[in-house]
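The values are calculated or read from the model by the stated rules, or taken from the named source; none is laboratory data. Note that the coordinates shown come from a computational prediction; the quantities given were computed from them, not determined experimentally. Here the Cβ is made from the backbone with ideal geometry for all residues, glycine too, and neighbour counts use every protein chain on show. Heads up: the accessible areas ignore ligands, DNA and RNA and are worked out on the full protein's heavy atoms, side chains in. Shrake-Rupley method; radii C 1.70, N 1.55, O 1.52, S 1.80 Å.
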Amino acid sequence: MSEYFSPPDFSNTTVIDKRKFKNNYLLHIGLFIATFITTTLAGVEWTTGTMGPYDLQTIMKGLPYSVSIMLMISFHEFGHFFAAKFHKVKATLPYYIPFPPIPYFINFGTMGAVIRTRSVVYSKKAMFDIGVAGPIAGFIFTLALLIYGFTHLPGQEYLLKIHPDYFSPDYGKGGISLIFGDTLLFSFIRNLFEQPGAFIPPMSEVYHYPYLCVGWFGLFITAMNMIPVGQLDGGHISYTIFGKENHYKISVVSFILLFVIGIIGIVDAILELNFGIGWSGWLFWALVLYFIIKLHHPPVYDESKLDPVRKFIGYFSFFILVITFSPAPIVLTMAV
């Protein structure tokens, strides 16, 4: 998860105790290093299909994944950070969030990163710029990473080193299959760079390819953060474009849709109806939005309307949400 939070209190902002706004560099560096380690371990697990213990040579195989995912997160967060600096809004450096790989538990080695604004965001323009800069920067990097990944795919021998029996008729039977949900953009890039006769990994094997795995994950967290609710990036953009009342209505509708898709995912998993849509994770995310992030957006002091260029960028950012969103991003199935 990656977002920033803006304090809504407009009082006592003339005199600022600068000591409150000093970055704790040791903490930021420590979290960065810890997250780099956990993502490297996650990268080894994703790309090799093994869960350790690892020797140094095997750990090195996780670096393409960890370097890619750390860059993707950093592009997103520093997009927020430099936009805040441009508008003279005090903001912390990113707090990277490590998540150690747990056997048989799906995770990507990190829960993203977060920055916090330490002074009031007075204007809609500043709120919009800070909110949109992160997902746009992260999206551009993710798009470039996916293009690189699909244009530099290894041959079948790469996958056969992981699954020697991959092309066997009995491959996977009786086991659990993990499938990443496709999206409009992922599918478009895959089809655009597909070479005749070349092996393209299915969505059930994409996670073994570090650049495709991180690219997919980048689209996933972009979509999560672009949902127009509360103080998510999409919430900031929605508030500044459509205003307080319309933003709240959009937040409620978005919450209901996520809640319903989450319920469908649970029912589908229990009854094995194979709807092809729905994921229990969306229900969890909806509850996080409702109880923690909240559906309302704090008020902004300056209610000046956005200029046409910013509105266009805002509408484009919601187009990004559409092409990166997957109703069922992670599916576990039992192969028969």
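Could you tell me which of the residues G234, G174 is out of contact with any His (no Cβ under 9 Å at 6 or more places or on another chain), touching a residue at least 60 places away in the same chain (Cβ under 8 Å) and loosely packed, with under 14 Cβ neighbours inside 10 Å?
Going through G234, G174 in turn, just one is out of contact with any His (no Cβ under 9 Å at 6 or more places or on another chain), touching a residue at least 60 places away in the same chain (Cβ under 8 Å) and loosely packed, with under 14 Cβ neighbours inside 10 Å: G174.
Considering the range 270-290 alone, what residues qualify as being open to solvent by 100 Å² or more (accessible area, probe 1.4 Å), in a loop (DSSP other than H, G, I, E, B) and either at pLDDT 95 or above or farther than 17 Å from L257 by Cβ (or both)?
E272, N274
Looking at F167, F217, can you tell me which residue is out of contact with any helix residue (DSSP H, G or I) (no Cβ under 6 Å at 6 or more places or on another chain) and buried (at least 21 other Cβ atoms within 10 Å of the Cβ)?
F217
If you check P94, P64, P53, P100, which single one turns out to be open to solvent by 20 Å² or more (accessible area, probe 1.4 Å), under 26 Å from L26 (Cβ atoms) and either free of Cβ contacts under 8 Å to residues at least 40 places away in the same chain or not aromatic (F, W, Y) (or both)?
P100 is the lone residue from the list that is open to solvent by 20 Å² or more (accessible area, probe 1.4 Å), under 26 Å from L26 (Cβ atoms) and either free of Cβ contacts under 8 Å to residues at least 40 places away in the same chain or not aromatic (F, W, Y) (or both).
Out of Y248, Y209, report the one residue that is among the aromatic types (F, W, Y) and more than 30 Å from Y301 (Cα to Cα).
None of the others qualify; the one that does is Y209.
Take the residues in the range 11-44 that are among the small types (G, A, S) and modelled with pLDDT of 95 or more, then tell me which one is surrounded by the fewest Cβ atoms within 10 Å (Cβ to Cβ).
Only one residue tops the list, namely G30.
Just one of I59, I73, I69 is assigned to a helix (DSSP H, G or I) and over 23 Å from the mean Cα position of the chain (by Cα); which is it?
I59
So I293 clears everything in (1) open to solvent by 60 Å² or more (accessible area, probe 1.4 Å); (2) in contact with an Asp or Glu (Cβ under 8 Å, 6 or more places away or on another chain); (3) closer than 21 Å to F255 by Cβ except one condition, right? Which one?
Only one criterion is unmet by I293, namely (1).
Inside the range 103-142, can you point out the residues that are surrounded by fewer than 21 Cβ atoms within 10 Å (Cβ to Cβ), hydrophobic (A, V, I, L, M, F, W, C) and more than 17 Å from the chain's Cα centre (by Cα)?
F105, V120
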